[in-house]
1. Quickly run through region 180-222 and pick out the residues that are crowded, with 21+ Cβ neighbours inside 10 Å and of a type in the set (Lys, Arg).
2. Sort out which residues of region 159-176 are in a strand (DSSP E or B) and free of Cβ contacts under 8 Å to residues at least 24 places away in the same chain, and write them in order of number.
3. If you scan region 101-136, which residues turn out to be acidic (Asp, Glu) and surrounded by 16 or more Cβ atoms within 10 Å (Cβ to Cβ)?
4. With the requirement that a residue be over 12 Å from Val337 (Cα atoms), out of contact with any Leu (no Cβ under 9 Å at 6 or more places or on another chain) and not in a strand (DSSP E or B), what does region 360-384 give you?
5. Name the residue, out of Thr236, Thr266, that is surrounded by fewer than 18 Cβ atoms within 10 Å (Cβ to Cβ), touching a Phe, Trp or Tyr at 6+ places or on another chain (Cβ under 9 Å) and polar (S, T, N, Q).
6. If you scan region 360-374, which residues turn out to be over 13 Å from Glu88 (Cα atoms) and either surrounded by 20 or more Cβ atoms within 10 Å (Cβ to Cβ) or not aliphatic (A, V, I, L, M) (or both)?
7. Given the conditions (1) over 18 Å from the mean Cα position of the chain (by Cα); (2) on the phi < 0 side of the Ramachandran plot; (3) surrounded by 17 or more Cβ atoms within 10 Å (Cβ to Cβ); (4) not in a strand (DSSP E or B), report the number of the one that Arg328 does not fulfil.
8. Here are some conditions: (1) of a type outside the set (D, E, K, R); (2) in a loop (DSSP other than H, G, I, E, B); (3) crowded, with 20+ Cβ neighbours inside 10 Å; (4) more than 19 Å from the chain's Cα centre (by Cα). Thr357 meets all but one. Which one does it not meet?
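The values are calculated or read from the model by the stated rules, or taken from the named source; none is laboratory data. Not measured: the values here are computed from a predicted model. Here Cβ is always computed from backbone atoms with ideal geometry, including for glycine, and neighbour counts include all displayed protein chains.
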Amino acid sequence: MPCRSFPWLLSPSRRLVFSCVCVALWNPVACGGAPAGKTGAAAADCASPADAWRLFRGNPLATGVAGSNLPERLDLLWTFTVDKQGFESTAAIADGTVYAGSTDGKLYAIDLATGKKRWSYSTELGFTASAAVRGKAVYIGDTDGVFYCLDAGSGKLKWKFQTDSEINSSANFYKDCVLFGSQDAKLYCLKADTGEVVWKYESRDQIRCFPTIVGDRAFVAGCDKNLHVVDLIKGTSDADIDIEGPTCCSPAVMDGNLFVGTEGNTFFALDPRQAKILWRYENADRAAPYRSSAAVTPEAVIVGSRDKYVHALDPKTGRKLWDFATKRKVDSSPVVVGSRVFVGSSDGRVYGLDLKTGREVWRYEAGGEVNASPAVAAGRMVIGTDAGNLYCFGAKER
């Protein structure tokens, strides 16, 4: 789309011009290619490619929509278990390999077909950030504040970069650069092949979210109660949008609008072109923070909450379409797979729900808290627990 200027209303007394924002239309280049079976305007969902789940929420727009389908009947195909700690982050899947960071201090590469370990890379403290895969490299930050680039085939270290605090943010990519946030309040842009610093953007508090990327802008939700719009060419701020509370959730983008929840018990739809709130949603019966990143489709916005519910909201109005009660908090981020939604809960279960009605259509008793989110690719779903089990579901040969 052609570049244009938008007036951004930040407060009654302050305006600025945000130039050259290209967020209204989905860009196949930004999303790594059009999803299978979707073209033109229908590609706005920007589903992940069918054979891979390379980023935390499946694609640069953080939509949480899978390009692969899953069988109607899901079977447990394999379980990969670590002796200590567990899996709190979402796995990445690429080229038939699962990449999963554990709090035991290791990043594991696991064969998607068999569940057998291909290699592991050890660090001192472990991982709560998700791995990201691009080309033949895997990128991930650890709880000691070190960001790593590893060879995807061997696990050999290519380069590493030290930040000043813990890294919970999963990586995203822009041109030949990799981007991630740190609890040192900075968003880093590094050369993906060398780790050389291109620029650092400094916020006023921790950055724990995945930086959503559209065109040459990144959307970063921070612990400073602001949604930051960052120019990826200059590494500078175009605007801060007040979201009234800190957050570690990643903003999802659909039709040019942003969807994100906060620690202030509120879920927002935002128009970044006008820096305004479109609608807000709060559970009137049980207010609780959001640490789940939303999955967004034209039919519904799906998000988990610490109120123990999964919520489905109308993307245009924020009206509640349905909710589904679990037994404990839902920090896991939902993934939409066709007409179903899959999500974990701290009650030790992984749920499959009907996207239209919220009716439970599948359940697995995983044991241990399921705070990680599903990764879906090549007809399989992978998800881990804090008890040390990484599960792979699909269809058994019959």
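1. Result: Arg208, Arg217.
2. Gln162
3. Step one: filter region 101-136 for residues acidic (Asp, Glu), giving 104, 111, 124.
Within region 101-136, Asp104 is the sole residue that qualifies.
4. Those that are over 12 Å from Val337 (Cα atoms), out of contact with any Leu (no Cβ under 9 Å at 6 or more places or on another chain) and not in a strand (DSSP E or B): Ala366, Gly367, Gly368, Glu369, Val370, Asn371, Ser373.
5. Details: Thr266 fails: surrounded by fewer than 18 Cβ atoms within 10 Å (Cβ to Cβ).
Residue meeting the stated conditions: Thr236.
6. Glu360, Trp362, Arg363, Tyr364, Glu365, Ala366, Gly367
7. (3)
8. For Thr357, the exception is condition (3).
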